[in-house]
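**Q** Below: one structure in structure tokens.
The values are calculated or read from the model by the stated rules, or taken from the named source; none is laboratory data. Bear in mind the structure is a predicted one, so any value in this text is a computation, not a measurement. No Cβ is skipped: glycine too gets one built from the backbone with ideal geometry, and neighbour counts run over all protein chains shown. We work out accessible area using only protein heavy atoms, side chains counted, and drop any ligands, DNA or RNA first. Shrake-Rupley method; radii C 1.70, N 1.55, O 1.52, S 1.80 Å.
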Amino acid sequence: MSRSGWIRLPALGSSVEPFALLLALYLPAAGNATSGRAIFEGKGACLACHAIGERGGSLGPELSKIGVIRSPEFLRLALVNPDAEIAPEYFTVVAVTKGGQTLRGIALNEDDLSIQIRDSDGNPRSFLKNDLKSLRRERRSVMPSYADRLTAAEIGDLVSYLRTLRGPPPKIGPRTRQPHHAYSSIEFLDRIGRDAEERPDTLITALEIPAGATVADLGSGTGYYTWRLARAVGPGGKVSAVDVQQAMLDRTAENC
């Protein structure tokens, strides 16, 4: 329900059952947070796409502080009609390869030559745009509506649980220096929008790396630059990914 008291109806083209949607929106948000957590981790399968702290997937937004930044009305609307209000970075990307394969997900990074997509299983997939038959964005969420998957009471319970997610309590005690999260956070290194921030292909071009060169990618992280360097040196060249964390080297191998 909006501030003016009107009910938000589904976006045009939505497949949500109107009666189920209206029923879910009319009922108050009050519910049982304990039951809501069980739904979140079980029947709702929310952890497959969303993370809370170190647990969960990375297809959707991280939810550790969702109870602070979103109102109960917004949370309920997001559950019953996820297409109603969706940030552009979570628009559904549809990529069709020249071989006829269709892949849907959200864009992690994109530049003039390539795009990296996190597919519906949560896996990062990288494509050169020249290898794609078509690439488009659709103003809809990859998240399904729960209006006809959960009862109105269960949605109320789920909203109540989400409202309890307010982040970790502040630590009290002497401050100690911690390593920067960029060195160990795969989510940060594979974050949405990194291409726009760093313009990696412009950087690689500016380096003027000759074909057949041997290059070392020191602190390779998740391989963000490794595969781009490999493309620059070509089949006759060699790129060595170097990192002190084995998990990063494993992720580099996976991405490449």
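**Q** Mind counting the residues in the range 27-39 that are assigned to a helix (DSSP H, G or I) and either modelled with pLDDT under 90 or over 22 Å from the mean Cα position of the chain (by Cα) (or both)?
**A** Of the residues in that region, 5 qualify.
**Q** Every residue in the range 222-256 that is under 16 Å from ILE204 (Cα atoms) and out of contact with any strand residue (DSSP E or B) (no Cβ under 9 Å at 6 or more places or on another chain), please.
**A** If the condition is that a residue be under 16 Å from ILE204 (Cα atoms) and out of contact with any strand residue (DSSP E or B) (no Cβ under 9 Å at 6 or more places or on another chain), then GLY234 is the only one that fits.
**Q** Now a separate question. List every residue pair whose Cβ atoms sit under 6 Å apart, with the two residues 6 or more apart in sequence or on different chains, where the first one lies in the range 239-251 and is farther than 8 Å from GLY223 by Cα and the second, anywhere, is in a helix (DSSP H, G or I) and of a type in the set (D, E, K, R).
**A** Pairs that qualify, where the first residue is farther than 8 Å from GLY223 by Cα and the partner is in a helix (DSSP H, G or I) and of a type in the set (D, E, K, R): there are none.
**Q** How many residues are in contact with a Phe, Trp or Tyr (Cβ under 8 Å, 6 or more places away or on another chain) and open to solvent by 30 Å² or more (accessible area, probe 1.4 Å) if we restrict to the range 81-99? Give the derivation first.
**A** Our first condition is that a residue be in contact with a Phe, Trp or Tyr (Cβ under 8 Å, 6 or more places away or on another chain); within the range 81-99, this holds for 85, 95, 97.
With open to solvent by 30 Å² or more (accessible area, probe 1.4 Å) added as a condition, the list becomes 85.
Residues in the range 81-99 being in contact with a Phe, Trp or Tyr (Cβ under 8 Å, 6 or more places away or on another chain) and open to solvent by 30 Å² or more (accessible area, probe 1.4 Å): 1 in total.
**Q** Within the range 40-65, restricting attention to residues that are part of a helix (DSSP H, G or I) and open to solvent by 20 Å² or more (accessible area, probe 1.4 Å), which residue is farthest from ARG166 (Cα to Cα)? First the steps, then the outcome.
**A** First, pick out the residues of the range 40-65 that are part of a helix (DSSP H, G or I): 40-41, 46-48.
Remaining after also requiring open to solvent by 20 Å² or more (accessible area, probe 1.4 Å): 41, 47-48.
Working: GLU41: 17, LEU47: 17, ALA48: 20 Å.
Looking at the filtered set, the residue picked out is ALA48.
**Q** Is there a residue being open to solvent by 70 Å² or more (accessible area, probe 1.4 Å), touching a strand residue (DSSP E or B) at 6+ places or on another chain (Cβ under 9 Å) and modelled with pLDDT under 90 anywhere in the range 192-199?
**A** yes
**Q** Just wondering, is there one or more residues in the range 216-228 that are closer than 25 Å to GLU110 by Cβ, open to solvent by 20 Å² or more (accessible area, probe 1.4 Å) and basic (Lys, Arg)?
**A** no
**Q** Would you please list the contacts, defined by Cβ atoms under 6 Å and residues six or more apart or on different chains, that run from a residue in the range 61-87 that is in contact (Cβ under 8 Å) with a residue 40 or more places away in the chain and at negative phi to a residue that is polar (S, T, N, Q) and open to solvent by 30 Å² or more (accessible area, probe 1.4 Å)?
**A** Cβ pairs passing all conditions: GLY67/THR164; ASP83/SER14.
**Q** Could I ask something else about it? From the list LEU113, LEU103, exactly one residue is closer than 28 Å to GLY44 by Cα and either out of contact with any strand residue (DSSP E or B) (no Cβ under 9 Å at 6 or more places or on another chain) or surrounded by 14 or more Cβ atoms within 10 Å (Cβ to Cβ) (or both). Which is it?
**A** It is LEU103.
**Q** I need a count of the residues in the range 229-245 that are open to solvent by 50 Å² or more (accessible area, probe 1.4 Å), farther than 19 Å from ASN109 by Cβ and at pLDDT 90 or above.
**A** 4
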